[in-house]
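Comments concern the structure below.
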Amino acid sequence: MIFERMLHTTAKPALAWGLAIGALAMLTWAQAAAAPLMGLWIDELYSLWASDPGVSAGESLARITGDSNPPLYFALLRAVRALVGAPHAAILALNGLALLATAALLLRTTQRTGLTLAALAALALSGPVFFYFQEGRAYFIGLCLAFALSWLAALALGEDGARARPRLFATLGVLSALTHVYTALFAGCLAAGLVAHGLLSKRKELREAGFALGFATVAAFALWLASAYGRLGNVAWIEFSNASVREAFWYVRSLAVGPGLMLAPLALILGIGAVALPRARPLFVAFGVTAVLFVALPLAASLKTPIINGRYWLIGAPALIVVLVMLAREFARERRRWASVATIALLAATAAAGFVQSRNFLRSEPVWRGAARVRALAADCPDGGIRVAGAPSFLYAQASGLPESRFAQAAEATHSDACPVLGWFEHVRRAEGDVLSASDQDLLAELGISADPAGVRIERWPSGYLVLRSDD
């Protein structure tokens, strides 16, 4: 059977190569199809500011290390931007290189080429990758690291001779700690899962791999945290409540699994695998411990400092992909072909649902949609001629490419008859309704503009709006 050959054999991986190349082509198509919806949001503007290759080395270091996130992503983006001038092209180039580097690492360090390529194809066609590939933040590299760690762990947990590599696990642990807090968290939780199964099964190599991963991750993360502790106030915007936790779970489920009705077949496949596949039980032990800790530890930490966010938790989604690919392989090995096909069909369904949901999220993402319009209209405006609110003025300048002096906070702005753009407000948070349903008078009041609504024109979108002179 075609799926059995693809998942089980390594001697002739031509089918898996075709699948992986096809998956990359589909990922490219998906990004091109979503391009009209893409834009830069506030954290991505920080990434571009922090990675600006035009500033001195000292200033660049201060920017890269000045965030409440670890520095690796910003440093890599700065290196790429030295070669790729267009900001968004540099973001895509870095994420593409991260995916290719992950594939190269796993293909070089594992002997199961066909199986590894099939898993990489499943990763490339997943909702988290569809959504995060185009973003200028550390999430996509975090996904790649979580996948690499999960795949190496899954192969080491198997009984077919795959070798645990403590040094490789330790290296990936350090990279995880320097990429994102939740990547470090995932690496530490996976380390605990490997140690737990190593103790239960008395497999020394798994214990060594787990301890190497755990110690390297904790040591690197502790060193970074010691230097960044004073900046943790940057996450004060995160809310910890029943509603926020439910929203975070919904976010993860929507991109990693799909609609709520898909949880039933997922649970059924996992349940059948746990009962009917003795060879897969190490996966359930190690990844079960990982999942429990990955969910429980942020909840516990949030009692003191809220850190729950769906974007962060989604970094661990590749572990589910790895488990499902391994279950499909084990079902095929045991000649339970109907279960193998059902598992692959579920992966395909999650990919389709993830693509749809990623487009929905892109439509509603609070990107700086007014930037191009302001850049085109306000090139000759005087200093302080454009009223802004919400975000600091330097972010409006970064988004539009205009001098920061061109913008003034609404409370400080002066009236100007020489600028066609009277006001610009992005990332609007309103107590009632959204921008699309608000009255013109309310929007003008938010920017402190006293003009008659009949004398101005307001261009609006769900998360922001522009106030223009009516004759422009």
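Scan ALA216, ALA222 and give me the residue that is surrounded by fewer than 13 Cβ atoms within 10 Å (Cβ to Cβ) and either over 19 Å from ILE308 (Cβ atoms) or at pLDDT 90 or above (or both).
When all the criteria are applied, what remains is ALA222.
I'd like the full set of residues that are open to solvent by less than 40 Å² (accessible area, probe 1.4 Å) and either modelled with pLDDT of 80 or more or under 29 Å from HIS88 (Cα atoms) (or both), limited to segment 1-40.
Scanning segment 1-40 gives ALA16, ALA20, GLY22, ALA23, LEU27, ALA30, GLN31, ALA33, ALA34, LEU37, MET38, GLY39.
Could you please find all residues in segment 327-347 being aliphatic (A, V, I, L, M) and in contact (Cβ under 8 Å) with a residue 40 or more places away in the chain?
LEU327, ALA328, ALA332, ALA339, VAL341, ALA342, ILE344, LEU346, LEU347
Hey, among the residues in segment 154-205 that are part of a helix (DSSP H, G or I) and without any contact (Cβ under 8 Å) to a residue 24 or more places away in the chain, which one's surrounded by the most Cβ atoms within 10 Å (Cβ to Cβ)?
Looking at residues that are part of a helix (DSSP H, G or I) and without any contact (Cβ under 8 Å) to a residue 24 or more places away in the chain, I get GLY198.
Taking the condition of a type outside the set (Gly, Ala, Ser), assigned to a loop (DSSP other than H, G, I, E, B) and open to solvent by 40 Å² or more (accessible area, probe 1.4 Å), does ASP43 pass?
no
Residues being crowded, with 24+ Cβ neighbours inside 10 Å and aromatic (Phe, Trp, Tyr): count how many of those fall in segment 325-351.
The total comes to 1.
From ALA228, ALA317, ALA248, ALA264, which residue is over 27 Å from LEU123 (Cα atoms) and either open to solvent by less than 20 Å² (accessible area, probe 1.4 Å) or modelled with pLDDT of 95 or more (or both)?
Matching residue, one of ALA228, ALA317, ALA248, ALA264: ALA228.
Which one of these is modelled with pLDDT under 85, under 26 Å from GLY136 (Cα atoms), open to solvent by less than 60 Å² (accessible area, probe 1.4 Å) and in a loop (DSSP other than H, G, I, E, B): ALA413, ALA451, ALA391?
After ruling out the rest, the residue left standing is ALA391.
Conditions: (1) out of contact with any Lys or Arg (no Cβ under 6 Å at 6 or more places or on another chain); (2) part of a helix (DSSP H, G or I). THR305 meets all but one. Number of the miss?
(2)
Among the residues of segment 352-382 satisfying the criterion of being assigned to a loop (DSSP other than H, G, I, E, B), without any contact (Cβ under 8 Å) to a residue 60 or more places away in the chain and farther than 12 Å from LEU422 by Cα, which is most open to solvent (accessible area, probe 1.4 Å)?
ASP380
Would you call PHE294 aromatic (Phe, Trp, Tyr), within 24 Å of the chain's Cα centre (by Cα) and within 27 Å of PHE140 (Cα to Cα)?
The answer is yes for PHE294.
Can you tell me which of (1) closer than 14 Å to THR350 by Cα; (2) open to solvent by 30 Å² or more (accessible area, probe 1.4 Å) is the one VAL322 doesn't meet?
Against the list (1) closer than 14 Å to THR350 by Cα; (2) open to solvent by 30 Å² or more (accessible area, probe 1.4 Å), VAL322 comes up short only on (2).
Looking at segment 264-291, I want the residues that are in contact (Cβ under 8 Å) with a residue 12 or more places away in the chain and closer than 23 Å to CYS189 by Cα and have a partner that is open to solvent by 50 Å² or more (accessible area, probe 1.4 Å) and not aliphatic (A, V, I, L, M) with Cβ atoms under 7 Å, at least 6 apart or on another chain. Which pairs are those?
Taking only residues 6 or more apart or on different chains, the pairs are ARG279/GLU159.
From the list ALA438, ALA397, which one is open to solvent by less than 70 Å² (accessible area, probe 1.4 Å), modelled with pLDDT of 85 or more and closer than 24 Å to ALA376 by Cβ?
Result: ALA397 is the single residue among ALA438, ALA397 that is open to solvent by less than 70 Å² (accessible area, probe 1.4 Å), modelled with pLDDT of 85 or more and closer than 24 Å to ALA376 by Cβ.
Within segment 69-100, take every residue that is within 17 Å of the chain's Cα centre (by Cα) and among the small types (Gly, Ala, Ser) and give me the one that is least open to solvent (accessible area, probe 1.4 Å).
Within segment 69-100, the match that is least open to solvent (accessible area, probe 1.4 Å) is ALA90.
Determine if segment 119-135 includes at least one residue that is open to solvent by less than 10 Å² (accessible area, probe 1.4 Å), among the small types (Gly, Ala, Ser) and within 28 Å of LEU225 (Cα to Cα).
no
Please return the ranges of helices (runs of 4 or more DSSP H) entirely within segment 54-152 where 1 or more residues are touching a residue at least 40 places away in the same chain (Cβ under 8 Å) and more than 24 Å from ALA30 (Cα to Cα).
72-81, 87-109, 113-124
Looking at (1) part of a helix (DSSP H, G or I); (2) at pLDDT 90 or above; (3) within 20 Å of the chain's Cα centre (by Cα), find the lone condition where GLY258 falls short.
So GLY258 meets the others, but not (1).
Which members of segment 356-398 meet the condition of being over 27 Å from the mean Cα position of the chain (by Cα) and under 22 Å from SER47 (Cβ atoms)?
Hits for segment 356-398 are VAL374, ARG375, VAL388.
For segment 243-263, name all the residues that are without any contact (Cβ under 8 Å) to a residue 12 or more places away in the chain and over 25 Å from SER340 (Cα atoms).
Across segment 243-263, the qualifying residues are ALA243, ARG246.
The values are calculated or read from the model by the stated rules, or taken from the named source; none is laboratory data. Note that the coordinates shown come from a computational prediction; the quantities given were computed from them, not determined experimentally. Positions of Cβ are generated from backbone atoms using ideal geometry, with glycine treated the same way; all protein chains shown enter the neighbour counts. Keep in mind that these areas ignore ligands, DNA and RNA; they rest on the heavy atoms of the full protein, side chains included. Shrake-Rupley method; radii C 1.70, N 1.55, O 1.52, S 1.80 Å.
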